[in-house]
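Undergrad: Sharing a structure with you now.
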Amino acid sequence: MTGKQLEFDQRVHRLNKKHAKMSRGYRASMRKDGLVVMKPQRVKSAVPAKVLLLCLCGLFVFKTFLLTSLGASAYQYRVDSLAEGTSVEKAGAWMMQIDPVSEFFATQITTYLPWISQL
């Protein structure tokens, strides 16, 4: 191909990509020279990262609370009995298994607040 044809094909490819992005939404902005330019809008996630992070933190807090109040052996017994159930219960048992983060926070809580484990 000649140089001009290659440049043309590259420009058409760029414009097609921009058109596909703009089909999902766009916004208008004015450049310093006064020209109004359309820019593609960024696609937002259906679930924000903050919500996922809050859910993950809530899970660790819940597991820490259970581990602290029940004790390690009773907690592990309940997780083991949950693992013998259906596939949904097995998935729950996998999520609720004792992990280093929950175990660390549970030992810290019982160290500084020993009365909490007697509730």
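Undergrad: Which residues, counting only those in region 1-58, are at pLDDT below 85 and closer than 30 Å to S102 by Cβ?
TA: Listed by number, the residues that qualify are S45, A46, V47.
Undergrad: For region 8-119, please list each of the helices (runs of 4 or more DSSP H) lying entirely inside it that holds at least 1 residues being under 20 Å from the mean Cα position of the chain (by Cα).
TA: Fully inside region 8-119 and qualifying: 49-70, 87-96, 100-112.
Undergrad: Of all residues in region 77-115, which are among the β-branched types (V, I, T) and open to solvent by less than 100 Å² (accessible area, probe 1.4 Å)?
TA: Scanning region 77-115 gives V79, T86, I98, V101, T107, I109, T110, T111.
Undergrad: For region 65-83, check the following and say yes or no: at least one residue is touching a Gly at 6+ places or on another chain (Cβ under 8 Å) and closer than 29 Å to T110 by Cα.
TA: For region 65-83, residues touching a Gly at 6+ places or on another chain (Cβ under 8 Å) and closer than 29 Å to T110 by Cα: present.
Undergrad: Let me ask something additional. Go through region 11-35 and give me each residue that's over 25 Å from S45 (Cα atoms) and open to solvent by 100 Å² or more (accessible area, probe 1.4 Å).
TA: R11, H13, M30, R31, K32, D33
The values are calculated or read from the model by the stated rules, or taken from the named source; none is laboratory data. All figures in this text were calculated on a predicted structure; none of them were measured in a lab. So basically every Cβ, Gly included, is an ideal-geometry build from the backbone, and we count neighbours across all protein chains shown. Ligands, DNA and RNA are stripped out before the accessible areas are found, and what is left, the full protein with its side chains, is counted by its heavy atoms. Shrake-Rupley method; radii C 1.70, N 1.55, O 1.52, S 1.80 Å.
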